[in-house]
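What follows is a short report on a single structure.
Just so it is clear, none of the values below were taken in a lab; they were calculated from the coordinates. Note that the coordinates shown come from a computational prediction; the quantities given were computed from them, not determined experimentally. Heads up, the Cβs are rebuilt from the backbone with ideal geometry, glycines too, and the neighbour counts pull from every protein chain shown.
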Amino acid sequence: MASRNTSTQTDTMAWAEAALRDCEETLRARAETALSEARYDDAVHLASFARTVKETATRAESVRLSKASGNHQAISYAQFEDPRLASYLARSAGPPAWYTRDRDVLVKTVTSKKSGNRYTVRASRQQVEAIVGYLAANGGPDNPIPTRHIFSALSEDGSTPPAYQGHVVLGWLRQIGVIVKHRGDSGYVAPEADLLDEQLDDLWQSLPPHV
């Protein structure tokens, strides 16, 4: 009887996870449509809703896996004490990248689609502040900024940092809904650019610590 109950609970979680992921896909599609129609505020809100639904789907997946194993926690991630980090790691079923902070460093962890191995790329808090400051000064809902212009904020001392460091920062800002990729190659839109500087500390603290 216990086995049947566990099976039923697992099926229910699988259904919940599938429904949530369908909802996420629909929201993302609507966000892309809004972006293509220059409805930037709608695009940001829809992308934010999609991200929230995705996180909920991740929790459903974790519950499903733990119930299937007969345990009350997701075994694959039991070694990570911070539940926020476990949630990030559980996203490997979706886009293979998540973001954490290691003191004053932004860490992007990527899962290779080919090998399944994980590796990290990093950008300093100073580089994050430089790009956020540039977006705050030059961005806006009607002002898409080309990527190369954004990266110019990283070269104030005349040096040219590796492009991947700028992409680490942009990837994080895009994932949390602060910026939206504009159609074509015209760069990114920051709908609430005037608030970016004020929000940065809170956004930084919301990152789970790197383990």
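What does the charge add up to near Arg122, with Lys and Arg as +1, Asp and Glu as -1, over the other residues with Cβ less than 12 Å from its Cβ?
After counting each charged neighbour, the total is +2.
So what J values fall out for region 118-125 if you push phi through Karplus, 6.51 cos²θ - 1.76 cosθ + 1.60 with θ = phi - 60°, rounded to Hz, Gly and Pro as x?
For region 118-125, the Karplus curve yields 9, 9, 10, 10, 9, 9, 6, 4 Hz.
Asp102's amide H: which non-local residues (gap 5+, or another chain) put their own amide H closer than 5 Å, with H modeled 1.01 Å from N in plane and none for Pro or chain starts?
Counting only residues 5 or more places away or on other chains, the set is Val107, His210.
Hey, with R₀ at 41 Å, roughly what FRET efficiency would Leu195 and Thr26 work out to, going by the Cβ-Cβ distance, to 0.05?
Details: r = 28 Å, r/R0 = 0.68.
It comes to 0.90.
Using 1/(1 + (r/R0)^6) with R0 = 25 angstrom and r between the beta carbons of Thr52 and Arg148, what's the FRET efficiency to the nearest 0.05?
Working: r = 32 Å, r/R0 = 1.27.
The pair Thr52/Arg148 has a calculated efficiency of 0.20.
With unit charges on the beta carbons (Lys and Arg positive, Asp and Glu negative) and the dipole taken about the Cα centre of region 95-211, which residue among Pro209, Tyr119, Ala190 sits farthest to the positive side?
After comparing all options, I get Tyr119.
Under 5 Å between amide hydrogens, which residues at least 5 positions from Ile179 or on another chain qualify, with H placed 1.01 Å from N in the peptide plane?
Arg174
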